[in-house]
1. Taking the condition of being under 16 Å from residue 166 (Cβ atoms) and open to solvent by less than 60 Å² (accessible area, probe 1.4 Å), how many residues in region 284-306 meet it?
2. Which numbered condition in (1) under 18 Å from the mean Cα position of the chain (by Cα); (2) not in a helix (DSSP H, G or I) is the only one that residue 139 fails?
3. In the set 259, 319, 291, 265, which member is touching a residue at least 40 places away in the same chain (Cβ under 8 Å) and either over 34 Å from the mean Cα position of the chain (by Cα) or within 26 Å of residue 155 (Cα to Cα) (or both)?
4. Anything in region 15-59 that is among the basic types (Lys, Arg) and free of Cβ contacts under 8 Å to residues at least 24 places away in the same chain? List them, or say none.
5. Open to solvent by less than 40 Å² (accessible area, probe 1.4 Å), β-branched (Val, Ile, Thr) and within 25 Å of residue 298 (Cβ to Cβ), is that true of residue 237?
6. I need the full set of residues from region 177-187 which are under 13 Å from residue 142 (Cα atoms) and out of contact with any Ser or Thr (no Cβ under 8 Å at 6 or more places or on another chain), in order please.
7. Test residue 313 against the criterion of being under 22 Å from residue 255 (Cα atoms) and at pLDDT 90 or above, and give yes or no.
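The values are calculated or read from the model by the stated rules, or taken from the named source; none is laboratory data. Bear in mind the structure is a predicted one, so any value in this text is a computation, not a measurement. Methodologically, a virtual Cβ is constructed for each residue, glycine included, from the backbone with ideal geometry; neighbour enumeration extends over all protein chains shown. When the accessible area is computed, the model is the full protein with side chains, heavy atoms only, and any ligands, DNA or RNA have been set aside. Shrake-Rupley method; radii C 1.70, N 1.55, O 1.52, S 1.80 Å.
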Amino acid sequence: MTDTRTDATGRIVLLTTSHRVAPGLLSWSAWETLRTADRVLCADPDHPQLPYLREAGIAVEGARPDAQELVDACAGGRTVVVVPTGEGDRRLTDGLARMAGSGRFAMPDLELLPASYDLPGARLLDLVQVMDRIRRECPWSSRQTHASLAKYGIEEAYELVEAIEDGDRDELREELGDVLLQVVFHARIAEEDPEEPWSVDDVAGGIVEKLVHRHPHVFGDATAETPEEVKEHWMRTKAVEKQRESVTDGIPLGQPGLALAAKLAGRVRGGGVDVELPKGEGVGYELLALAARAEAEGIDPEAALRAAARAYRDAIRVAEGVGG
């Protein structure tokens, strides 16, 4: 191969790839670098990229040189490409850094070339893999069931709401991760069902299908210019899907009381059901009327009460002389 470089110290290229992207799907610059390199080295004989490199006619040497050997291999302006393992090669990179920092060596150009990049959402694949291993190897996780995890789903949902109310973005990110863990954990457990197994892919596929179907103004020919029109599309499509006998069908009765009352009132109003609020004595009926009124005015009574309760909590702490 004709060498067009004038730098006699050569070039070292560390070619990084993502295990979350299918092997062989490399960037054009990566393929060009591999094709024109004087040597391509890979210490891992089972590296997933190797079959695709060899299929492309690129000779890959199964070598694991140290820093000095790699620098020597670049003598005369040669280009050497190193395909690291998934964990990288700290021994090699640390050695190159020490040689460069010493000032006693004529170092080749050192280039880090990403051959493939993660797509958005790629770390979800890592979560699925980690959850699979934990389910198999962790004494506690391997014994959990949908029922035993139910309480954690409720706890994590409330902690997520609290992070939103606090306006703490770091806490919000963490709590979203905890909620996501519950989804992946339940999906992993469901894979083991002997009669009707399903996986996180089925969960994702189901919600994708639902979102596309309920957004005809985005994925179809329908039009919606306002949030109210979007909600009408959503409710109409949902009604056809569910084929419910009553507007109350599907409302979880275990949710907090104010949220339950508001949800019922919203279904009644949205469904055009002619029914009056039940009359009765006591604070329960008063709260029911307040929740229905709040819902009609576009206010979430549960969130409103929580905000007032937090203000009450702060006032108590001030009265106690606690906190700043």
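1. 1
2. In the conditions (1) under 18 Å from the mean Cα position of the chain (by Cα); (2) not in a helix (DSSP H, G or I), residue 139 misses (1) alone.
3. None of the others qualify; the one that does is 259.
4. Answer for region 15-59, where residues must be among the basic types (Lys, Arg) and free of Cβ contacts under 8 Å to residues at least 24 places away in the same chain: 35, 54.
5. Criteria met by residue 237.
6. Result: 186, single match.
7. No.
The rows are residues; the columns are (1) assigned to a loop (DSSP other than H, G, I, E, B); (2) among the hydrophobic types (A, V, I, L, M, F, W, C); (3) in contact with a helix residue (DSSP H, G or I) (Cβ under 9 Å, 6 or more places away or on another chain).
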| position | (1), (2), (3) |
| --- | --- |
| 133 | no, no, no |
| 159 | no, no, yes |
| 163 | no, yes, yes |
| 171 | no, no, yes |
| 180 | no, yes, yes |
| 185 | no, yes, yes |
| 197 | yes, no, yes |
| 202 | no, no, yes |
| 210 | no, no, yes |
